[in-house]
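The values are calculated or read from the model by the stated rules, or taken from the named source; none is laboratory data. Bear in mind the structure is a predicted one, so any value in this text is a computation, not a measurement. Here the Cβ is made from the backbone with ideal geometry for all residues, glycine too, and neighbour counts use every protein chain on show.
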Amino acid sequence: RIALVEQEAKKRNVQATEAEVQAKIERLIGDQVEGLIKDNGLNNEKELDAALQREGQTVEAVKGRIREELTVGRHDDIRATILAHKMLRGMTTISEQDMRETFDQAYGEKVEAKQIVVETKKKGEEILKRLKEGADFDALVKLESIDPRSRQTGGRMNPFSPGTGPLGKAVANVKENDYSDVVKTDDGYHVLKVLKRIPGRKVTQEEVRPRLEEMVLDRKMGAWIIELMEKGQIKKAF
């Protein structure tokens, strides 16, 4: 991927400076620190630093380790990403819908849920009826679900955005510990139990617009590289 992007950048006379690479590394460090804050149920970097100090560490030390890992292990990849973003900005439009959807996914409310997946709508309705009558969800997952991945975790799913996609829309207005209607996807018919609704982060779309644009471009980048390869404009190289 790196060689592929660099070859196309050379054709288009697009360059990335070392200062741009270092600025990107600092943004990635910030993203990882934000993730640590969120994963540990904290509110800000100050609280994270206090928690780390209780374990004999500091935020600055953690940042230093991340910086070294990125500089040594991902420098060329980060440079290629910057080049790809520059090229994509000249070829594609970032719509407000792209921005809204990305904002909702990254910063909006999230839902933690479990699911049971079955082959037919009729079976899904039977499962839903049994659940509303008091059947044990975990037991039904083991007995009835055809989804091997979630069955191994008791039906538990990764947190996702309500209102986005068929499953998100199905739980948009479902309260905690309640069930969705039966919803169809390519994987089958799903019945979801909402475990927890996690409030979105207290930021506005405008406050994080530059980061959102990068996230949209990241998503478009993979499709663009595949398109280049399929058109035979450049050869696949690693």
Can you confirm whether GLY155 is small (Gly, Ala, Ser) and closer than 30 Å to GLU213 by Cβ? no
Is it the case that LEU217 is touching a residue at least 60 places away in the same chain (Cβ under 8 Å) and under 18 Å from the mean Cα position of the chain (by Cα)? yes
For segment 131-238, list the helices (runs of 4 or more DSSP H) that sit wholly inside it and hold at least 2 residues that are assigned by TED's automatic domain parsing to the domain that holds GLU34 and not acidic (Asp, Glu); which are they? 209-231
Suppose the filter is within 25 Å of LEU212 (Cβ to Cβ), at pLDDT below 90 and in a helix (DSSP H, G or I); does GLN105 pass it? yes
Of everything in segment 165-208 that's among the β-branched types (Val, Ile, Thr) and under 26 Å from ASN43 (Cα atoms), which residue is surrounded by the fewest Cβ atoms within 10 Å (Cβ to Cβ)? THR204
For segment 55-73, name all the residues that are of a type outside the set (Val, Ile, Thr) and in contact (Cβ under 8 Å) with a residue 40 or more places away in the chain. ARG67, LEU70
Answer with yes or no whether LEU131 is aliphatic (A, V, I, L, M) and without any contact (Cβ under 8 Å) to a residue 12 or more places away in the chain. no
If we keep just the residues of segment 167-192 that are touching a residue at least 24 places away in the same chain (Cβ under 8 Å) and under 21 Å from the mean Cα position of the chain (by Cα), which is nearest to ASP104 (Cα to Cα)? GLY168
So VAL171 passes all but one of these: (1) farther than 30 Å from MET99 by Cα; (2) in contact with a Leu (Cβ under 7 Å, 6 or more places away or on another chain). Which condition number does it fail? (1)
Only one of (1) surrounded by 13 or more Cβ atoms within 10 Å (Cβ to Cβ); (2) of a type outside the set (Lys, Arg); (3) assigned by TED's automatic domain parsing to the domain that holds ASP39 does not apply to SER95, and that is (1)
Looking at THR93, THR81, which is the one that is in a helix (DSSP H, G or I), under 20 Å from GLU214 (Cα atoms) and of a type in the set (S, T, N, Q)? THR81
Which ones in segment 111-134 are surrounded by fewer than 19 Cβ atoms within 10 Å (Cβ to Cβ) and within 16 Å of the chain's Cα centre (by Cα)? GLU112
